[in-house]
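Scroll down for the structure; my scribbles are underneath it.
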Amino acid sequence: MSHIAKTNLTQAQLDAHWMAYTGNREFKKDPRIISTASGHYYTDADGRQIFDGLSGLWTCGLGHSVPAINEAVANQVKTLDYSPAFQFGHEKSFQLAEKISDFMPAGLNRVFFTGSGSESVDTALKVARAYWRKKGLGTKTKFIGRAKGYHGAGISGFSVGGIPANRILYGQGLESYHLPHTQVPGTEFSKGMADTGKERAEDLLNMIAMHDASNIAAVIVEPMSGSAGVIVPPKGYLQRLREICDQHNILLIFDEVITAFGRMGAQSGSEAFGVTPDVITMAKQVTNGVIPMGAAVFKQEIYDTFMDTGGADYMLEIPHGYTYSAHPIACAAGLASLETIRSQGLIERVNQMSPVWEKYVHSLKGASDAITDIRNYGFAAGITLAAVDGEPAKRPYQIAMSMWDKGYYVRYGGDTIQLAPPFTTEESEMSSLIDALGESIKKFG
């Protein structure tokens, strides 16, 4: 079914935009144009309502066009549209930093604002290297990521990331090494955290033996790997990483661009899985996707190290930052987003409704031989699909396009379909989404 956009776009305009993470040639033959959004639904240029099965890009857990956020942004535009990010401040950045800290584990209370998740990761990695130099341990420069990890699109992010398609085109990045992922044979169709797989953390000891802790600055992992298809940590795995990092004087960074602020049914992935890292990176849900914003949150001791060695108090403690760090409009959106999460009890709702979501997602088991695994945690789920004639990305693409035709937006990536409904999704919407997905999988299974 074709949905040529009913817009005033010309072919020249379509050609001018080099789209991100998109098959540009395929898209421009039959563009899928979204015109409006409200609540849990998009409206496309043909006037069809499309259920948002991924909360934007894991960003809009509150749904779309949230009145409190819209009002906060509109008011901010009228009062202070931009404030210089360097050497001067505005009230809302300090208010938002405190509010973010309230969502973080105890001890992570120093917030450095960025413009995206990619910038947040870059900030965390730069600070990690600088921190060890400040401590007189300047040889600690290497990083350890994880296979199937995603840490943004910057050169540091693809270096520590472990999705091959995101790496192979770009050549040499930062000196980084990768732990194995935690999808262990025998754990397929686990509900929540698998009972086995913790042993994969022991590979970190092998890497330390090979490279020596004196050369390793940090380990960076997503508590739950989202972009690779919702890979949930096995029981005890993150705790073991924390223990090893502590034993060998290595920083542990959690990339929580997807997991922070409610998606896991907790304030953060750290809280959900019971492990506190040294640094947490974030973006997406902090403003509900309304305005680009990210942050890296550091433990007190890291911040104090820079303050204590900063020289004269008018000098920069760290030469780092972005033009749009702590942008006033983004801060206003962030304050309204986090206040809405709290005032409406949405974290508690996700926690309460997660078993219902789990039931529907796992009802797809056995619906088609093409389904080789299903994983879930909180309001997130990933479905792995068998390859078609050696083309692992083809079937997910076909299924996602079928879903779009049916009126549902889901994400396809690699060999997976990924789902992340808004926090206020009703059971009837879960049911219809999964029913439609089952039909689409059977069609191309």
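The values are calculated or read from the model by the stated rules, or taken from the named source; none is laboratory data. Since the model is a prediction, treat every value here as computed from it, not as a measurement. Using ideal geometry, Cβ is built from the backbone for each residue, glycine included, and neighbour counts are taken over all protein chains shown.
Values as computed for the structure displayed
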{"read-out": "Residues located in the range 374-402, provided they are among the charged types (D, E, K, R), surrounded by fewer than 18 Cβ atoms within 10 Å (Cβ to Cβ) and under 17 Å from Gln418 (Cβ atoms)", "value": "Lys394"}
{"read-out": "Among the residues listed as Ala74, Ala12, Ala45, the single one being more than 25 Å from the chain's Cα centre (by Cα), crowded, with 17+ Cβ neighbours inside 10 Å and without any contact (Cβ under 8 Å) to a residue 60 or more places away in the chain", "value": "Ala45"}
{"read-out": "Residue in the range 238-246 that is crowded, with 21+ Cβ neighbours inside 10 Å and under 18 Å from the mean Cα position of the chain (by Cα) present", "value": "yes"}
{"read-out": "Residues being surrounded by fewer than 22 Cβ atoms within 10 Å (Cβ to Cβ), closer than 30 Å to Thr340 by Cβ and small (Gly, Ala, Ser) - total across the range 403-445", "value": "6"}
{"read-out": "Single residue of the range 107-142 satisfying the filter (of a type in the set (Val, Ile, Thr) and closer than 15 Å to Val286 by Cβ) that is farthest from the chain's Cα centre (by Cα)", "value": "Val111"}
{"read-out": "Tally of residues being surrounded by fewer than 22 Cβ atoms within 10 Å (Cβ to Cβ) and among the aliphatic types (A, V, I, L, M) across the range 209-237", "value": "3"}
{"read-out": "Residue list for the range 136-173, restricted to those being in a loop (DSSP other than H, G, I, E, B), of a type in the set (Ser, Thr, Tyr) and surrounded by 12 or more Cβ atoms within 10 Å (Cβ to Cβ)", "value": "Thr139, Thr141, Tyr150"}
{"read-out": "Search result, residues across the range 260-269 that are crowded, with 24+ Cβ neighbours inside 10 Å and touching a residue at least 60 places away in the same chain (Cβ under 8 Å)", "value": "Ala260, Phe261, Gly262, Arg263, Met264, Ser268"}
{"read-out": "Condition check for Tyr131: in a loop (DSSP other than H, G, I, E, B) and either within 30 Å of Ile347 (Cβ to Cβ) or in contact (Cβ under 8 Å) with a residue 40 or more places away in the chain (or both)", "value": "no"}
{"read-out": "Selected residue (only one of Phe379, Phe444 is of a type in the set (Phe, Trp, Tyr) and modelled with pLDDT under 95)", "value": "Phe444"}
{"read-out": "Residue match in the range 212-234 (condition: on the phi > 0 side of the Ramachandran plot, assigned by TED's automatic domain parsing to the domain that holds Gly152 and within 22 Å of the chain's Cα centre (by Cα))", "value": "yes"}
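Residues checked against (1) surrounded by 19 or more Cβ atoms within 10 Å (Cβ to Cβ); (2) in the same structural domain as Lys191 (by TED's automatic domain parsing); (3) more than 23 Å from the chain's Cα centre (by Cα):
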{"site": "Met282", "(1), (2), (3)": "yes, yes, no"}
{"site": "Ala312", "(1), (2), (3)": "no, yes, yes"}
{"site": "Met315", "(1), (2), (3)": "no, yes, yes"}
{"site": "Leu338", "(1), (2), (3)": "yes, yes, no"}
{"site": "Gln352", "(1), (2), (3)": "no, no, no"}
{"site": "Trp357", "(1), (2), (3)": "yes, no, no"}
